[in-house]
2 protein chains.
Amino acid sequence: MQIAIPLYDEFTALDAIGPHDVLASLPGAEVVLVAERTDVVSNDHGSVRVVPAATLDEVPKPDVVVVPGGNHHNQLPDGPVVQWLRRVDATTTWTTSVCTGSLLLGAAGLLDGRRATSHWLALEQLTRFGAEPTGERVVFDGKYVTAAGVSAGIDMALRLVARIAGDEVAQGVQLGIEYDPQPPFDAGSPEKAPAAVVDFVDAQLRPMVEGRVPA
Amino acid sequence: MQIAIPLYDEFTALDAIGPHDVLASLPGAEVVLVAERTDVVSNDHGSVRVVPAATLDEVPKPDVVVVPGGNHHNQLPDGPVVQWLRRVDATTTWTTSVCTGSLLLGAAGLLDGRRATSHWLALEQLTRFGAEPTGERVVFDGKYVTAAGVSAGIDMALRLVARIAGDEVAQGVQLGIEYDPQPPFDAGSPEKAPAAVVDFVDAQLRPMVEGRVPA
C-alpha cells in the first residue's frame, strides 16, 4: 500500500507529519513525501526544510493521498499539486486532507456536492468548490476524508487505519504513539476557547487563510 | 528567544514536529532544527528527510531545547547530541524532551535525582540515569520538562508556551492548531488499551526501545 503526502512551499509541517507518523506504522504501508520537484520544500514558518522522496510524476498511482494544509496560494487555482490530485484520484482508495488541504481537494473538483471540513477559519471557503462544510473534526464522505485544522490530522489518520486494517491495529498504532491527549486548556475550537482568544486568533490568521483562495 | 530542536538519524518525526508547530507560533520565537552536520537527517521510518538549519556548534546558547526521541543508539552513551545537550544546558531557560529523548537528557547527566517521563516502554530505563520515572504525561522538574511518547510533545509544548507567555497566548496557539483532540479509541496508554493490544505493541516495539540504551 503506497501512501503519498504531497508537499509544496509553505505547507504546515504538523499537517503532514501527524498523519505520516500514524500511517507509517501501518503494517505493509510505504509513505512517500512527494513534491513537484525533489528540491528542498520549506514549511510555512520557513523552519522545516524537507527533501521529497519523489516527484509528483514519479508517484502516479498512490493508494492513499493525504494533502496537508498551509499557505498554498501558489497552488491555486490549478497548480501542480491540484492537477496531480485530479489525476491520481482516479485510482486512489482514499483521498484525504488535513486543515486547508481540503481547499486543494476542492480546487481539484473532488469535493463538489460532498460534506467536508477544514481549518475553522477556512470552512466557509469550502462552499466555493461546491462542498458542504461541517464543523466535525473528521468527515468521511465516500472515499474522501477531510480533517479540521492541523492537529486533527492525527485523529483522521487513526480513523483511516481502523478502516483499512481494523480497530485493533489502529489501537496499537495509537498506543505506539502514546496518543492519550491531555491538552492544558479546553480551547481547541472556536466554540470552546474564550471569546477574546478567538478574536485574537481570527485577526491574526484570517488574512493569511483568506489569501489562500484568490477571489 | 531561540528554540533549538536537535535532530539525529532515526529521530521520530512527530516528536520533533509536534512541539515545533506549537513553539513556532510563539510570538518572538525562532525555532531552529540543528544536527551534528547540515547534511540530510532521516527519521526512524526513513521516509522524512530533513535539512537542518544549522550545526550543533553553530547554536551554542539556545534559550529552549526540545530533544525528540527515536532510535538513538548512535547517540549513546555520549554522542554529539548528548555532548551538546550537556554544554548548552548551562545557559538554557528550559531543557525539554519528548518520548525517549529523555534518555538523551539522562545520558547527558541532566536528570539525576529528577522526576521525569518517557515513552511508556522506556520508563524503567530512566532509572539508569538516576531519574525517578513517573507515569504522568508531562513532567516539570525545575527547568527540565519531559513528555511521554511521541504525541505527548504537543501537550508539553502548549504547557511550555503557557509558562513562557501566559495562558491566553497558549490558548491562542492551541486554537490556531485546532487542538481539540478526538481520538477514535481510548487506547493511548497501556492502562487504557486492551491487554492484547498492549502485548502486541510491547512485543513489536520493546526490542527497538531496549536497543536504545546499551547495557
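The values are calculated or read from the model by the stated rules, or taken from the named source; none is laboratory data. If you're wondering where the values come from, they're calculated on a predicted model, not measured in any experiment. Glycine also receives a Cβ, built like all others from the backbone with ideal geometry; neighbour counts cover every protein chain displayed.
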Would you please list the contacts, defined by Cβ atoms under 6 Å and residues six or more apart or on different chains, that run from a residue in segment B:164-175 that is facing chain A (nearest Cβ under 9 Å) to a residue that is small (Gly, Ala, Ser)? B:Ala170/B:Ala162; B:Gln171/A:Ala187; B:Gln171/A:Ala193; B:Val173/B:Ser25; B:Gln174/A:Ala187; B:Gln174/A:Gly188; B:Leu175/A:Ala187; B:Leu175/A:Ala193
The listed residue being assigned to a helix (DSSP H, G or I) and under 17 Å from A:Glu10 (Cα atoms), out of A:Leu85, A:Leu126, A:Leu103: A:Leu103
Does at least one position in segment B:124-142 carry a residue that is within 14 Å of chain A (Cβ to nearest Cβ) and under 18 Å from A:Gly18 (Cα atoms)? no
Going through A:Thr117, A:Thr127, A:Thr93, A:Thr100 one at a time, which residue ends up being at pLDDT 95 or above, over 23 Å from A:Pro207 (Cα atoms) and among the polar types (S, T, N, Q)? A:Thr93
How many residues does segment B:179-189 hold that are surrounded by fewer than 24 Cβ atoms within 10 Å (Cβ to Cβ) and at the interface with chain A (Cβ under 7 Å from one of its Cβ atoms)? 6
Hey, any hits in segment B:151-159 for a residue that's within 9 Å of chain A (Cβ to nearest Cβ), assigned to a loop (DSSP other than H, G, I, E, B) and closer than 21 Å to B:Ser25 by Cα? yes
For the subset of segment A:9-31 comprising residues that are out of contact with any Gly (no Cβ under 8 Å at 6 or more places or on another chain), part of a loop (DSSP other than H, G, I, E, B) and more than 7 Å from chain B (Cβ to nearest Cβ), which member is surrounded by the fewest Cβ atoms within 10 Å (Cβ to Cβ)? A:Gly28
Take the residues in segment A:32-84 that are surrounded by 15 or more Cβ atoms within 10 Å (Cβ to Cβ) and of a type in the set (Asp, Glu); name whichever of them is modelled with the lowest pLDDT. A:Asp44
Among (1) of a type in the set (A, V, I, L, M); (2) within 14 Å of another protein chain (Cβ to nearest Cβ); (3) out of contact with any Ser or Thr (no Cβ under 6 Å at 6 or more places or on another chain), there is one condition A:Ala107 misses while meeting the rest; what is its number? (2)
